[in-house]
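Asker: Below is one structure. I have some questions about it.
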Amino acid sequence: MAYNEILIAGFGGQGVMSMGTTMAEAALSEGLNVSWLPSYGPEMRGGTANCSVVIADSEIISPIVLQPSELIAMNLPSLDKFEPAVKSGGYIFVNNSIIKRKLARTDVKAIYVPTLDIAAELGNMRVANMVMLGSYIEATGVLKFDTVVNMLRNVFTGKKAHLVEINRQALQRGAACV
Amino acid sequence: MAIVYQKSKGLTDVELHYCPGCTHGIVHKLVAETLEELDVLGNTIGVAPVGCSVFAYKYFNCDMHEAAHGRAPAVATGIKRVLPEHIVFTYQGDGDLAAIGTAEIVHAAMRGEKFTTIFINNAIYGMTGGQMAPTTLVGQRATTAPLGRDREHYGSPIRMSEMLATIDGAAYIERVTVTTPANIIKAKRAIKKAFQLQIAGKGFTMIEVLSTCPTNWGLTPVEALEWLNNNMVPAFPLGVFRDITAEEAK
Amino acid sequence: MAKELWKGNEAIAEAAIRAGCRCYFGYPITPQSEIPEYMSLHMPKVGGIFLQSESEVAAINMVYGASGAGARVMTSSSSPGISLKQEGISYICSAELPAVIVNVMRGGPGLGTIQPSQGDYFQATRGGGHGDYRVIVFAPANIQEVVDLMQDSFELADKYRMPVMMIMDGMIGQMMEPVEWKKPPVNPEDLPAKPWATTGTKGIHEPKAIHSLFIDPNESNDHNMRLDAKYQRIMADEQRYETSETEDAELIFVAFGTPARLARAAARLLEEEGIKAGVFRPITIWPYPYDALYQAAAQDSVKAVVTVEMNTGQMIDDVRIAVRGCKPVSFVGQAGGRVPTPQEVVAAAKSALGR
């Protein structure tokens with residue numbers, strides 16, 4: 001029985017919320033149960049942001065993620081704050097383009113992803129969150145790569161259709177970091 | 001025998017409860033006659049306030065909706081937005097409109113809500129027993145200002161017509177009184193113009209009527225009319241404060 | 001129909017439009033501002049009315065006017081704003097007009113916090129404003145249930161000519177979950193006529209007056225008794241609840257809204273330890289399903305009843321009324337924006353059972 005409790009945290013503007021909604025949409029299209037819960041309030045206006053995503057093949061008990069099975073830390077304050085909460089044996093994805101320390105925990109799996117460096121190489125800094133998502137998918141196997149790419153095709157249409165390819169590349173480059 | 005005068009069809013047969021010498025009855029009649037003359041009685045919804053005219057919903061011979069104290073402009077907004085082809089008016093006193101309901105009247109005017117407000121300003125709270133109103137004159141006695149309104153303590157009376165006339169959404173604002181036959185004719189003309197502009201969809205319209213309250217002023221009806229002319233008119237000048245038809249004609 | 005991912009607040013607004021609501025008045029307040037935002041964009045597309053009012057006081061009075069004029073109308077807010085609406089709710093109840101009011105609750109008292117809470121249980125279920133009145137209160141536990149109950153809310157409001165309130169904690173408003181639109185949209189033109197509405201006499205009928213003033217004590221008493229008779233009918237006919245594993249349970253959790261999910265999680269954890277716990281979830285918190293809860297609690301197997309709430313213990317009063325002293329009733333909860341964890345709920349359950 002799969003029951004993934006994911007916490008995604010970072011600065012506002014890093015695509016934390018949209019990474020979560022992308023995962024939620026993809027999970028829904030795979031027929032899984034899903035919930036997405038944002039932090040909200042004044043801290044959303046440019047400060048730190050986080051969202052909880054629960055993906056399960058059974059009923060979702062609570063949308064609140066207190067002990068994530070996977071933490072995606074896009075900045076250092078998020079890693080400092082949430083590293084202790086991650087379940088033993090879980091994953092922590094570290095955006096090591098800007099987080100210069102290693103994990104303190106040894107009972108979790110660490111995945112270091114230089115999201116900004118890869119995004120810069122791809123020529124679009126805004127795909128950094130897709131790089132991270134690619135790593136997440138590859139490491140956990142929670143979602144299928146093709147599902148996410150298909151979703152991107154639905155999101156980016158018309159004048160934005162060209163963005164599908166760079167996002168696909170971002171996902172692939174992220175996956176290669178695992 | 002020829003009928004030369006009869007009660008307006010705009011009023012029901014319910015006996016008015018107003019005090020002797022109170023001018024509410026005259027203003028009711030003017031509104032009722034206007035609705036009758038414009039042939040809109042069957043298409044009108046009036047909003048009654050809280051105050052002396054709280055029973056207005058029994059007196060006007062059209063559909064009526066009684067609001068909470070000060071909220072008539074919000075209720076009227078709800079009605080008019082749902083029924084834009086109908087005629088909607090509020091009938092409010094100075095406590096209702098200029099104290100507890102100031103926000104509602106200001107924002108209704110700001111939105112240019114297409115209803116007409118009849119604002120009865122008698123410089124006192126009538127129904128609750130003569131307490132100070134926001135329009136009570138400096139020095140005027142009230143049961144909550146027994147030595148007279150003190151400017152240091154309470155400031156000066158608020159002039160709603162002048163204030164609302166600064167708002168773009170207002171189409172017509174006039175202050176009248178009903179102390180003489182000539183003034184009653186002027187008041188009727190003003191009320192009619194306001195409803196006509198409402199029908200034309202021009203925006204928010206308000207007629208402020210300086211009114212008497214002999215009971216709470218402690219005066220006879222005749223003395224009250226004199227007091228109004230001598231004291232209220234200087235503080236609340238009569239006249240048109242906003243008329244977008246005049247501006248449009250320029 | 002396929003499931004779609006919806007944010008709670010936006011689902012509330014869309015569900016209202018699908019339920020034939022064509023009139024919305026409201027004022028921004030976190031955590032429900034997505035409701036007026038959604039309405040401002042989508043209401044005009046269906047020929048409806050959206051208006052951002054100058055205050056919650058004005059919004060509820062616009063609802064009062066629009067409802068009197070016959071519209072299917074709604075407003076929404078969060079706790080402090082619902083306090084401001086209480087004056088209007090009292091008037092709407094007395095004047096017997098239908099309306100739907102959504103409260104996406106945040107923590108109080110005072111300015112409190114914008115985080116989720118269930119601190120407005122007393123306010124919602126005991127009237128909230130002045131005078132003797134009640135409103136029907138639905139307490140959905142997830143976004144799907146919000147959507148499913150919206151049409152019922154408008155129908156009950158019309159049926160009984162009174163406000164129906166839907167209350168949920170801020171988390172339900174802010175989160176996203178899959179939603180299935182099960183019911184076909186309501187065309188407002190198909191709704192039954194409202195002969196009581198003030199839409200002008202057309203010169204045909206006598207003038208109608210919508211009012212709440214009954215100055216004669218006898219008339220006022222009659223009016224109150226008539227309203228009460230209606231409330232008694234509703235108490236008899238409109239209770240809703242859901243039970244999960246309550247049969248032969250050793251312990252019964254009672255929870256509404258989000259905490260019911262946490263209680264189910266706690267029940268599963270207890271099951272692993274060999275303790276059979278069930279969850280009784282009122283869906284209407286007024287009328288409260290007193291008898292059904294009594295039946296569940298009075299079973300020989302039940303040793304304790306524990307309420308789980310996101311406040312300092314409000315629904316527990318109704319639970320005590322329901323249980324009538326037949327079993328011990330205790331409380332576990334968090335207030336002010338914190339949400340109890342399943343582990344805390346488990347600990348409270350064990351404590352109640354003396355283990």
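Quick note: the coordinates plus some simple rules give every number you see, no bench work behind them. As the structure is a prediction and not an experimental result, all values here were calculated from the model. Neighbour counts run over all protein chains shown; Cβ positions are idealised from the backbone, glycine included.
Asker: Using the C-alpha atoms of the stretch C:168-301, what convex hull volume per residue, in cubic angstrom, is computed?
Answerer: In the stretch C:168-301, the Cα convex hull volume per residue is 205 Å³.
Asker: Here's something else I'd like to know. Antiparallel as a % of all DSSP beta bridges within the protein assembly as shown, to the nearest 5?
Answerer: Given both bridge residues lie in the protein assembly as shown, the antiparallel proportion sits at roughly 30 percent.
Asker: Ok, one more. Tell me which of A:123, A:108, A:11 sits at the most positive position along the dipole axis of chain A, charges placed on C-beta atoms (Lys, Arg +1; Asp, Glu -1).
Answerer: A:123
Asker: Just round it to a whole percent: the fraction of Cα-Cα distances in the stretch B:1-54 exceeding 13 Å.
Answerer: Result: 67 percent of Cα pairs exceed 13 Å.
Asker: Another one. Mind running the shape call on the stretch B:112-226? Use the C-alpha gyration tensor, a ≥ b ≥ c as the square roots of the eigenvalues: rounded below 1.5 for a/c, prolate if a/b tops b/c, oblate otherwise.
Answerer: oblate
Asker: Sticking with this one: Pick from C:251, C:111, C:84: which residue has the top mean-square fluctuation in a GNM of chain C where Cα pairs under 10 Å get a spring?
Answerer: C:111
Asker: For chain B, modelled as a Gaussian network with Cα springs under 10 Å, which listed residue fluctuates most, B:200, B:133, B:123?
Answerer: Most flexible of the set in this elastic network: B:200.
Asker: I would also like to ask the following. Hey, fewest Cβ within 10 Å first, where do C:205, C:42 land in order?
Answerer: Placing the least packed residue first, the sequence is C:205, C:42.
Asker: Given +1 on the Cβ of Lys and Arg, -1 on the Cβ of Asp and Glu, and no further charges, what dipole in debye does chain B carry about its Cα centre, rounded to the nearest 20?
Answerer: I would put it at about 180 debye.
Asker: Hull surface divided by four, with the convex hull built on the Cα atoms of the stretch B:24-239: how many nm²?
Answerer: With every direction weighted equally, the projected area is 10.7 nm².
Asker: Let me ask something else about it. How big is the charge dipole of the protein assembly as shown about its Cα centre, in debye rounded to the nearest 20, if each Lys and Arg gets +1 on its Cβ and each Asp and Glu gets -1 on its Cβ?
Answerer: 1140
Asker: Still on this structure, I have one more. Can you compute the FRET efficiency between residue B:245 and residue B:1 using 1/(1 + (r/R0)^6), with r the Cβ-Cβ distance and R0 = 35 Å? Round to the nearest 0.05.
Answerer: Once the sixth-power term is evaluated, E becomes 0.30.
Asker: If you don't mind, there's one more thing I want to ask. Where Rh denotes the Kirkwood radius from the mean inverse Cα pair distance, what is Rg over Rh for the stretch C:241-353?
Answerer: Ratio of gyration radius to Kirkwood radius for the stretch C:241-353: 0.92.
Asker: Out of the GluC sites (Glu not before Pro) in the stretch C:23-100, which ones are loop residues according to DSSP with at most 14 other C-beta atoms within 10 Å?
Answerer: Loop-located and lightly packed - none at all.
Asker: While we're looking at this one, here's another question. Rank C:28, C:181, C:343 by how far each Cα sits towards the positive end of the charge dipole of chain C (+1 on Lys, Arg Cβ; -1 on Asp, Glu Cβ) and give me just the farthest.
Answerer: Positive-end residue among those listed: C:28.
Asker: Nearest 0.05, what FRET efficiency do residue C:299 and residue A:150 give at R0 = 60 Å with Cβ-Cβ as r?
Answerer: My answer for the efficiency is 0.75.
Asker: Rounded, prolate or oblate: which fits the stretch C:183-261 when a ≥ b ≥ c are the square roots of the eigenvalues of the alpha-carbon gyration tensor, with rounded for a/c under 1.5 and prolate only if a/b beats b/c?
Answerer: oblate
Asker: Something else now. How big is the Kirkwood radius of the stretch B:178-250, worked out from every pair of different alpha carbons and given in Å to one decimal?
Answerer: One decimal place: 13.9 Å for the Kirkwood radius.
Asker: Let me ask you something else. So if we plug the beta-carbon distance of residue C:190 and residue B:9 into 1/(1 + (r/R0)^6) with R0 = 51 Å, what FRET efficiency do we get, rounded to 0.05?
Answerer: E between residue C:190 and residue B:9, to the nearest 0.05, is 0.90.
Asker: Can you tell me which lysines have their Cα less than 25 Å from the Cα of residue C:182? Leave out same-chain residues fewer than eight positions away.
Answerer: Correct list for residue C:182: C:3, C:7, C:45, C:159.
Asker: Over all distinct Cα pairs, what is the inverse of the mean 1/r for the protein assembly as shown, reported as the Kirkwood hydrodynamic radius in Å?
Answerer: Value: 29.3 Å, from the Cα pair sum.
Asker: Step by step: find N for chain C, compute 2.2 N^0.38 Å, then divide the Cα radius of gyration by it. What's the final number?
Answerer: Cα Rg divided by the expected 2.2 N^0.38 Å: 1.01.
Asker: What does the charge count around residue B:134 come to, taking other residues whose C-beta lies under 12 Å from its C-beta (Lys +1, Arg +1, Asp -1, Glu -1)?
Answerer: Overall, the nearby charge balance is 0.
Asker: Roughly how big is the stretch B:122-250's charge dipole about its Cα centre, with Cβ charges of +1 (Lys, Arg) and -1 (Asp, Glu), in debye to the nearest 20?
Answerer: Charge dipole, the stretch B:122-250, about its Cα centre: 280 debye, nearest 20.
Asker: With the cut-off at 12 Å, report for the stretch C:18-64 the share of all Cα pairs above it, as a whole percent.
Answerer: 59
Asker: Further question on the same structure: Fewest Cβ neighbours within 10 Å first, please rank A:162, B:28, C:223 accordingly.
Answerer: A:162, C:223, B:28
Asker: Sorted from largest down, give the three principal axis spans of the alpha carbons of the stretch A:3-175, whole angstrom values.
Answerer: 43, 38, 33
Asker: Also: Remind me, relative contact order of chain A in percent, using alpha carbon pairs under 8 angstrom and six or more residues apart?
Answerer: Computed value for chain A: 20 percent relative contact order.
Asker: Right, another one. So for the pair residue C:269, residue A:81, with labels modelled 7 Å out along Cα→Cβ, what separation do we get in nm?
Answerer: With each label point 7 Å from Cα toward Cβ, the separation is 2.3 nm.
Asker: So what is the 222 nm mean residue ellipticity for chain C from helices alone, if each DSSP H run of at least 4 adds -39500 (n - 2.57) and you divide by all residues, rounding to the nearest 500 deg cm²/dmol?
Answerer: Helix-only estimate at 222 nm: -12500 deg cm²/dmol.
Asker: Here's something else I'd like to know. Going by C-beta contacts inside 10 Å, put A:36, B:217 in order with the fewest on the left.
Answerer: Ascending Cβ contact count within 10 Å gives the list B:217, A:36.
Asker: Which of B:179, C:69, C:11 sits closest to the plus end of the dipole of the protein assembly as shown, meaning its Cα is farthest towards the positive end, when Lys and Arg get +1 and Asp and Glu get -1 on the C-beta?
Answerer: Farthest along the dipole direction, towards plus: B:179.
Asker: How many lysine pairs in the stretch C:228-355, separated by 8 or more positions in sequence or lying on different chains, have Cα atoms less than 17 Å apart?
Answerer: 6
Asker: Which of rounded, prolate or oblate describes the stretch C:35-117 when judged by the alpha-carbon gyration tensor and an a/c cut-off of 1.5?
Answerer: Note, shape of the stretch C:35-117 comes out oblate.
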